[in-house]
Each structure stands twice: as structure tokens, then as C-alpha cells.
């Protein structure tokens, strides 16, 4: 039942009627497997009990069963914006829907999301006084903004990597250039020293020859 999202079971620890017809839940006590519950009251919970909503609307659009819809569609097939379930303006709610709202049944609450309330198909009252109600369809992936944070992060990481690789390549090229220039300078210095030595020896040889000629 949990895996199918039946009877309001989901990723929460709220009491539910699962198969029993009375509110209960498993407990977190090793000495107490389960226990019956009492509904929240106005004093403990607020004026209107609120139904469970998945934290991410994109995770709530899949309908395991028509009466299990707890998504975030607020537009009807006709393009109308849904009227909040807590008001009779501009369209008056039927008495049974008021009672369902007050009890938080079938995920009615202080919101204007489409619900299947009693119908087994999505609908809502509209904000148009000339259109009391209209059918709805669940949201699709195209209705949700694309989360491109990962793509941006990857692009930034790739850019940073490219910059680091460029800097490393430039550093390596500069080091190789400096090494080459140092080697050429050392070679030139040796050649100049060798030329100077040979010149000195040639000068010495000529001086000796001149002395011997006297």
C-alpha cells in the first residue's frame, strides 16, 4: 500500500486508516508495535486540518489512483485558474465539499490545487464567476522549470579545468623557453670563452715566434 501510495500512505509518519477504518500507526517504540490515534483538533492543529503534500510538486503528479492525487495543478483544461477550496468566492461550494474541506478529506485544504474530490477525476472551482468549475489534467515534466544547476556547475567546472590546463601549459612553455634560453646562453658563453682562449694562445704563439726570430 505504501509503495502504491494508497490510502494516504507516503513518506511521512502521519496516522492513517490503512485497511482498518480507524486511525492508527506503527510506533517507534520497541515495546509497542502500533497504536490507535485521535484526529487533530482546532486547538492542537489550527482551524482546518491540512492534507499531506509531498515537498516537491514534481513528485506528486503521478496518480496511483484518481483519489490519491496531491499534485500542484492550478489551471483547468479551459485555462481557468482554480478557486481556493477555503472560499465561496466567486463560486459557491457545495455543502459536501465544504465538509470535505473542513475535514481535510481527499487532500482538500487551504490551496487552489485541482483535486478529485468525490469525482474520481481532477477538477476545481474556478476564479471566473461565469464558470463554476472545470476539469483538470495533472502537470507534466514540461510544466516544471528545468533544473540546470548541475549543468551550470559542470560548465563552470569544465571552464575552470580548461583555465587550469591552459595556465599549466603556459607555465610549462615558459619554463621550457627559459631552460632553452639558459642553455643557449651557456653554450654562447662557452663558445666565447673558447674563442678567447684560442685567441690568447694564438697571441702567445706569435709572440714566441717573434722572440725566436731575434
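The values are calculated or read from the model by the stated rules, or taken from the named source; none is laboratory data. Just so it is clear, the model here is predicted, and its values are computed rather than measured. Because the Cβ atoms are built from the backbone with ideal geometry, glycine has one as well, and the counts that use them run over all protein chains shown.
Taking the condition of being outside any helix (DSSP H, G or I) and modelled with pLDDT under 80, how many residues in the stretch 132-186 meet it? Total satisfying the criteria: 6. When the residues of the stretch 121-131 are filtered to those that are in a loop (DSSP other than H, G, I, E, B) and modelled with pLDDT of 85 or more, the one that is surrounded by the fewest Cβ atoms within 10 Å (Cβ to Cβ) is 130. Whether a residue is modelled with pLDDT of 90 or more, in contact with a strand residue (DSSP E or B) (Cβ under 6 Å, 6 or more places away or on another chain) and closer than 30 Å to residue 2 by Cα was assessed, and residue 74 passes this test.
Looking for whichever is at pLDDT 90 or above and surrounded by fewer than 13 Cβ atoms within 10 Å (Cβ to Cβ) here; the options are 46, 79. Which one fits? Reasoning before the result, please.
Working: 46 fails: at pLDDT 90 or above.
Step by step, each of 46, 79 is checked, and only 79 is at pLDDT 90 or above and surrounded by fewer than 13 Cβ atoms within 10 Å (Cβ to Cβ).
Exactly one residue out of 103, 118 is within 30 Å of residue 15 (Cα to Cα), in the same structural domain as residue 91 (by TED's automatic domain parsing), surrounded by 10 or more Cβ atoms within 10 Å (Cβ to Cβ) and in contact with a helix residue (DSSP H, G or I) (Cβ under 8 Å, 6 or more places away or on another chain): that is 118.
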